[in-house]
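**Student:** Would you mind keeping the following structure in view while I ask a few things?
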Amino acid sequence: MAMQLGALVRAASTVLLATAVSAAALAQEPLKVGFVYIGPTGDAGYTYAHDKGRKYMEEQLGDQVTSTYVENVAEGADSERVIRQLAKSGNELIFTTSFGYMNPTLKVAKQFPKVAFEHATGYKRSANVGTYMGRIYESRYLTGVIAGKMTKSNVVGYVGSFPIPEVVRGINAFTQGLRSVNPDATVKVVWVSSWYDPAKELEAAESLILQGADVISQHTDSAGPIQAAEAKGVYAFGYNSDMSLYGKNAHLSAAVFNWGPLYEAKARAVIDGSWKAEDVWLGLAAGYVDIAPMNDAVPADVQQLVMDLKQQIVDGKLHPFAGPLTNQAGEIVVAEGEVLADKEMLSMGYYVQGVEGELPK
Amino acid sequence: MDIDFIINVLYAMIRTGTPLLIVALGELVCERSGVLNLGQEGMMLVGAVCGFIVAATTGSLFLGVLAAMLAGCLMALLFGLVALGLSATQVATGLALTILGAGLSAFIGESFVGQTVLGFKALPIPLLSEIPLLGPLLFNHDVLVYLSFGLFAGVIWFLRSTRAGLMLKAIGETPESATAVGLPVMRVRYLAVLFGGAMAGLAGGYLSLAYTPLWAEGMTAGRGWIALALVVFASWRAERVMFGAYLFGLASILHLIVQGMGVSISSNLLAMLPYVVTILVLVLLSSDKARVRLYAPMSLGKPFHRTQ
C-alpha cells in the first residue's frame with residue numbers, strides 16, 4: 001500500500017512539476033511504464049530480479065520515465081484486471097513478467113492499440129505485444145564449468161521444477177559446461193513438480209546429496225536447495241539472483257537475470273518512437289543474463305577460466321550447444337562445426353550425454 | 001545400498017514427518033474433545049510467519065518458537081470464540097480460519113520475504129547419539145524434533161492415564177452426559193482448541209525456523225490438510241498418527257530418491273505416492289468398522305448448547 005501511495009505521490013508531483021516547466025520550456029512528459037509481477041518484490045528470486053531491472057531503468061533514464069508496479073498478481077483473470085487498470089491509467093509501456101500473463105496481455109493489448117506491451121517468457125505476439133527472455137542457459141553453462149572443477153564425487157545434482165523445454169535446456173547447458181572440463185562427471189535430476197516450495201526443494205536437494213552429489217544446481221525459485229547444501233557441507237548454485245545470503249559457504253555462484261539494460265532499451269525505443277513488437281532473446285553479450293560473483297572457495301585459476309569462457313560466449317566464439325553434440329543415446333544431434341538452432345533450443349525435449357535417467361514425458 | 005544410506009533416509013523421514021506429527025497431535029486432542037477445527041493450515045502459516053518475524057528481529061530462536069505457538073493460540077482462540085462461544089458451524093469456521101490465516105500471514109510477512117535467520121542446528125545428545133545406528137537416527141536432531149518426541153509421549157500419557165484425559169474423551173463422546181455429571185464442557189473444549197492452535201503454530205515455526213529457515217508466502221504448502229487427513233485415517237490414535245506422519249515423510253523422500261536413481265516413472269505419478277501410500281496403509285489398518293466407530297469421538301463437529 002505504502003508503495004502504491006508513494007508512486008501516486010511521485011506521479012502527482014511529476015505532473016505538477018511538468019505543468020510548471022511546460023509553461024517555460026517544451027518539457028517532454030515522462031513516459032509512464034507499468035510492471036506486473038507474479039511474486040513479492042522481496043522474494044530474493046524471480047520478481048526481485050525484475051524489480052531490480054525496473055529501478056535500473058529509472059536510474060538510467062532519470063526524469064524521462066516514471067514507473068509503477070503491481071506485485072503478487074495471480075495468473076489468469078486477476079492479471080487481466082490489473083493489466084487493464086495499468087493501461088487505463090495512462091501507462092504507455094507495460095511489462096508483464098510471468099508466462100501465465102500471456103493471454104490476458106494479448107486480450108488487453110487489443111483494446112489499447114496505442115500502448116506497447118512486453119511479455120516475458122511467452123511465445124505469442126501481436127501488433128503491440130512483444131516478447132522477451134534472457135538466454136539464461138549461457139550462464140548455466142558457466143556454472144556447469146565451475147561445478148566440473150569443484151566436484152570430487154563427480155556426481156552433480158540438479159533440482160528441476162517441470163520438464164519443459166526451458167528447464168531441460170538449462171540442464172543440458174549446465175551438463176555441457178560440466179563435461180567440457182570434467183568428462184567423467186554426471187548429472188542426476190530430481191523433479192519437484194513446483195516452482196516454489198522451499199521444503200520440497202530442500203528435500204529434493206537432500207535426496208541428491210544422499211546419493212553422492214556434492215554440488216547442487218537448481219531451476220526452482222526458492223533458496224531451499226542452497227540451505228540443504230549449506231547444512232550438509234556441499235556446494236550449490238543459486239538461480240534468478242545472488243542467493244549467497246542463504247549459504248555463504250555453499251553458494252558458489254548463481255545463474256542470474258539482469259533485466260535492467262533490456263528495460264532501459266525498451267523504454268528508450270518507446271520514447272523515440274522506434275518501438276516495435278518483436279521477440280528479444282539475448283544473453284551474456286547484451287548483459288541480460290550473468291553469473292553472480294564467485295565464492296572464494298573457487299580457485300583463482302578456475303575463476304579466470306570462467307571469465308575467459310564468458311568473454312568467448314560474449315564474442316560469439318563459444319556456444320554451449322556447439323557440435324558435436326550427442327544425446328543420451330549417443331546419437332549426434334548437432335554435427336561438428338554447427339550450433340543448435342534457436343528453434344530447436346526452444347523445443348528441446350531430450351537430455352544430452354552426461355545426464356542420468358530418462359526425461360519424463 | 002549400505003546401512004548408512006538407509007539410516008540417512010530414515011533420518012530425513014523423521015525431519016520431514018515432524019511438522020505433520022506436531023500439528024496432527026494438536027488436532028487429535030482437539031477432535032477427541034469433540035471439536036473439528038479445519039483451520040490447521042491457516043494457524044500453521046500465522047505461526048510460521050510470527051515465529052520468523054520475532055526470531056529475525058530479536059535474534060532469539062527461543063522467542064521465535066514462543067511467538068509461533070502464541071500466534072497459533074490466538075488464531076485458535078478466534079476459532080473458539082466463533083465456533084464454541086457463538087456455536088457457529090465448526091466446518092465453516094475452520095475453513096474461514098484457513099483463508100484468514102493465509103491472507104494474514106502474507107500481509108504481515110511481506111517485508112520479511114527474502115530474509116534469513118540462522119535456524120536451529122542439530123544438537124546431538126551426549127552418549128545416546130553414539131549408539132550405533134539408533135544414535136545418528138534418533139539423537140542427532142534439532143531441539144524441535146526432540147520436543148515432538150516428548151509431545152507424542154505426553155499426548156499418549158495424557159489421553160490414557162490422566163483424569164483430565166478421561167474427562168476430555170468423555171466430553172468428546174457425549175457432552176450432555178458429561179455436563180450432567182458436572183464436567184466443564186466448554187472450558188475443556190476451549191483448552192483443547194488452544195492446545196491445537198499452539199501445536200499448529202509450533203509446526204509452522206518448525207518449518208520457518210528449523211527446516212527451511214526463511215519466510216515465504218504459503219510455505220506450509222498444504223501440510224495442515226495432510227495432518228487433518230492423518231488424524232482421521234489414523235482413527236484418532238496417537239501411535240498411528242506418528243506412524244502415518246513418518247510414513248508420509250518416508251514416501252516423500254523415497255519418491256525423490258527413486259527419481260535420482262533414474263527410474264523411469266512419471267515424476268507427477270511419483271509425487272502422488274506419499275498421499276496414496278499413507279492413506280492406503282492407514283485405511284487398511286483401520287478397516288475394522290466396528291473398532292473405528294469405537295475410536296471416533298461421537299460428538300465430533302457438533303455444536304454443544306448448555307441449555308439442552
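**Student:** For region A:273-290, name all the residues that are out of contact with any Phe, Trp or Tyr (no Cβ under 9 Å at 6 or more places or on another chain) and either under 17 Å from A:GLY170 (Cβ atoms) or assigned to a helix (DSSP H, G or I) (or both).
**Tutor:** Listed by number, the residues that qualify are A:LEU284, A:ALA285, A:ALA286.
**Student:** Would you check if there is a residue in region A:138-154 being assigned to a loop (DSSP other than H, G, I, E, B) and either within 15 Å of the chain's Cα centre (by Cα) or small (Gly, Ala, Ser) (or both)?
**Tutor:** Within region A:138-154, one or more residues are assigned to a loop (DSSP other than H, G, I, E, B) and either within 15 Å of the chain's Cα centre (by Cα) or small (Gly, Ala, Ser) (or both).
**Student:** Scanning for something open to solvent by less than 40 Å² (accessible area, probe 1.4 Å) and under 29 Å from B:LEU214 (Cβ atoms), does region B:80-89 turn up at least one residue? Steps first, answer last, please.
**Tutor:** Of region B:80-89, the ones open to solvent by less than 40 Å² (accessible area, probe 1.4 Å) are B:80, B:83-84, B:87-88.
Going one step further and asking which of them are under 29 Å from B:LEU214 (Cβ atoms), we end up with none.
Within region B:80-89 (the criterion being open to solvent by less than 40 Å² (accessible area, probe 1.4 Å) and under 29 Å from B:LEU214 (Cβ atoms)), the answer is no, since none of the residues qualifies.
So that you can scan it fast, the table gives a plain yes or no per residue for (1) closer than 30 Å to B:SER299 by Cβ; (2) surrounded by fewer than 24 Cβ atoms within 10 Å (Cβ to Cβ); (3) among the acidic types (Asp, Glu):
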site	(1), (2), (3)
B:ARG15	no, yes, no
B:LEU25	yes, no, no
B:VAL65	no, no, no
B:CYS73	yes, yes, no
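**Student:** Something else about it: Here is a list: B:ALA48, B:ALA92. Which entry is in contact (Cβ under 8 Å) with a residue 40 or more places away in the chain and either under 14 Å from B:SER208 (Cα atoms) or of a type outside the set (D, E, K, R) (or both)? It would help to see each step written out before you state the result.
**Tutor:** On the way: B:ALA92 fails: in contact (Cβ under 8 Å) with a residue 40 or more places away in the chain.
One residue alone meets the criteria, B:ALA48.
**Student:** Still on this model: Scan region A:155-193 for residues that are charged (D, E, K, R), more than 19 Å from the chain's Cα centre (by Cα) and either crowded, with 20+ Cβ neighbours inside 10 Å or within 14 Å of another protein chain (Cβ to nearest Cβ) (or both) and jot them down.
**Tutor:** First, the residues of region A:155-193 that are charged (D, E, K, R): A:166, A:169, A:179, A:184, A:188.
Going one step further and asking which of them are more than 19 Å from the chain's Cα centre (by Cα), we end up with A:179, A:184, A:188.
Hits for region A:155-193 are A:ARG179, A:LYS188.
**Student:** Next question, about the same structure. Does B:LEU254 satisfy the condition of being without any contact (Cβ under 8 Å) to a residue 60 or more places away in the chain and assigned to a helix (DSSP H, G or I)?
**Tutor:** Details: without any contact (Cβ under 8 Å) to a residue 60 or more places away in the chain: no; assigned to a helix (DSSP H, G or I): yes.
It is false that B:LEU254 is without any contact (Cβ under 8 Å) to a residue 60 or more places away in the chain and assigned to a helix (DSSP H, G or I).
**Student:** Right, here's the next one. So, in region A:235-257, of the ones that are touching a helix residue (DSSP H, G or I) at 6+ places or on another chain (Cβ under 6 Å), among the hydrophobic types (A, V, I, L, M, F, W, C) and not in a strand (DSSP E or B), which residue ends up nearest to the other protein chains (Cβ to nearest Cβ)?
**Tutor:** Only one residue fits best here, namely A:MET243.
**Student:** Looking at A:TYR123, is it in the same structural domain as A:ASP78 (by TED's automatic domain parsing) and either buried (at least 16 other Cβ atoms within 10 Å of the Cβ) or not in a loop (DSSP other than H, G, I, E, B) (or both)? Step through it out loud before you land on a result.
**Tutor:** Values: in the same structural domain as A:ASP78 (by TED's automatic domain parsing): yes; either buried (at least 16 other Cβ atoms within 10 Å of the Cβ) or not in a loop (DSSP other than H, G, I, E, B) (or both): no.
So A:TYR123 does not fit the description; no.
**Student:** Same structure again: Regarding A:VAL270, is this residue open to solvent by 10 Å² or more (accessible area, probe 1.4 Å), more than 13 Å from chain B (Cβ to nearest Cβ) and assigned to a strand (DSSP E or B)?
**Tutor:** On the way: open to solvent by 10 Å² or more (accessible area, probe 1.4 Å): yes; more than 13 Å from chain B (Cβ to nearest Cβ): yes; assigned to a strand (DSSP E or B): no.
No; evaluated as a whole, the condition is false for this residue.
**Student:** Taking the conditions exactly as written (farther than 15 Å from A:ALA267 by Cβ and touching a residue at least 40 places away in the same chain (Cβ under 8 Å)), does A:ILE94 satisfy them or not? Talk me through it step by step, then tell me what you get.
**Tutor:** Details: farther than 15 Å from A:ALA267 by Cβ: no; touching a residue at least 40 places away in the same chain (Cβ under 8 Å): yes.
So A:ILE94 fails the test.
**Student:** State all residues of region A:194-219 that are in contact with a Gly (Cβ under 8 Å, 6 or more places away or on another chain) and more than 11 Å from chain B (Cβ to nearest Cβ); if no residue qualifies, say none.
**Tutor:** A:VAL215, A:ILE216, A:SER217, A:GLN218, A:HIS219
**Student:** Could you tell me whether any residue of region B:229-245 is among the hydroxyl-bearing types (Ser, Thr, Tyr), more than 14 Å from chain A (Cβ to nearest Cβ), in contact with a helix residue (DSSP H, G or I) (Cβ under 7 Å, 6 or more places away or on another chain) and closer than 26 Å to B:VAL193 by Cα? Let's see the steps before the verdict.
**Tutor:** Let us first name the residues in region B:229-245 that are among the hydroxyl-bearing types (Ser, Thr, Tyr), namely B:235.
Filter again for more than 14 Å from chain A (Cβ to nearest Cβ), leaving B:235.
Keeping just the survivors that are in contact with a helix residue (DSSP H, G or I) (Cβ under 7 Å, 6 or more places away or on another chain) gives B:235.
Within this subset, residues satisfying the condition of being closer than 26 Å to B:VAL193 by Cα are B:235.
Checked against the condition, which is being among the hydroxyl-bearing types (Ser, Thr, Tyr), more than 14 Å from chain A (Cβ to nearest Cβ), in contact with a helix residue (DSSP H, G or I) (Cβ under 7 Å, 6 or more places away or on another chain) and closer than 26 Å to B:VAL193 by Cα, region B:229-245 yields at least one hit.
**Student:** Among the residues of region B:25-57, how many are more than 20 Å from B:ALA164 (Cα to Cα) and part of a helix (DSSP H, G or I)? So that I can check it myself, show each step before the final result.
**Tutor:** Of region B:25-57, the ones more than 20 Å from B:ALA164 (Cα to Cα) are B:37-57.
Of the ones still in play, those that are also part of a helix (DSSP H, G or I) are B:40-57.
Residues in region B:25-57 being more than 20 Å from B:ALA164 (Cα to Cα) and part of a helix (DSSP H, G or I): 18 in total.
**Student:** Taking the conditions exactly as written (assigned by TED's automatic domain parsing to the domain that holds A:LEU178 and not polar (S, T, N, Q)), does A:GLY330 satisfy them or not? First the steps, then the outcome.
**Tutor:** Working: assigned by TED's automatic domain parsing to the domain that holds A:LEU178: yes; not polar (S, T, N, Q): yes.
In short, yes.
**Student:** Name, by its number, the condition in (1) modelled with pLDDT of 85 or more; (2) within 14 Å of chain A (Cβ to nearest Cβ); (3) open to solvent by less than 10 Å² (accessible area, probe 1.4 Å); (4) assigned to a helix (DSSP H, G or I) that does not hold for B:PRO274.
**Tutor:** It fails just one condition, (1).
**Student:** Please return the ranges of helices (runs of 4 or more DSSP H) entirely within region B:110-199 where 3 or more residues are away from chain A (no Cβ under 14 Å) and open to solvent by less than 40 Å² (accessible area, probe 1.4 Å). Lay out the reasoning, then the answer.
**Tutor:** On the way: elements: B:134-138, B:143-161, B:163-173, B:175-180.
Result: B:143-161, B:163-173.
**Student:** Taking region B:71-109 as the search range and keeping residues that are within 14 Å of chain A (Cβ to nearest Cβ) and within 19 Å of the chain's Cα centre (by Cα), which one is farthest from B:GLU41 (Cα to Cα)?
**Tutor:** Keep residues of region B:71-109 that are within 14 Å of chain A (Cβ to nearest Cβ), which gives B:102-103, B:105-109.
From what is left, the residues that are within 19 Å of the chain's Cα centre (by Cα) are B:102, B:105.
Details: B:ALA102: 8, B:SER105: 11 Å.
That would be B:SER105.
**Student:** Given the options A:GLY212, A:GLY144, name the one that is surrounded by 24 or more Cβ atoms within 10 Å (Cβ to Cβ), of a type outside the set (A, V, I, L, M) and in the same structural domain as A:GLU230 (by TED's automatic domain parsing).
**Tutor:** Working: A:GLY212 fails: surrounded by 24 or more Cβ atoms within 10 Å (Cβ to Cβ).
Result of the check over A:GLY212, A:GLY144: A:GLY144.
**Student:** Which condition number does A:GLU336 fail, the rest of (1) more than 30 Å from A:ILE94 (Cα to Cα); (2) part of a helix (DSSP H, G or I); (3) of a type outside the set (Phe, Trp, Tyr) being met?
**Tutor:** (2)
**Student:** Here is a follow-up. Read through the list (1) surrounded by 15 or more Cβ atoms within 10 Å (Cβ to Cβ); (2) closer than 16 Å to B:GLY34 by Cα, then give the number of the only condition that B:ALA106 fails.
**Tutor:** Unmet condition: (2).
The values are calculated or read from the model by the stated rules, or taken from the named source; none is laboratory data. Everything numeric here is computed off the predicted structure, so don't read it as measured data. When we count neighbours, we look across all protein chains shown, and the Cβ atoms used for this are built from the backbone with ideal geometry, even at glycine. Heads up: the accessible areas ignore ligands, DNA and RNA and are worked out on the full protein's heavy atoms, side chains in. Shrake-Rupley method; radii C 1.70, N 1.55, O 1.52, S 1.80 Å.
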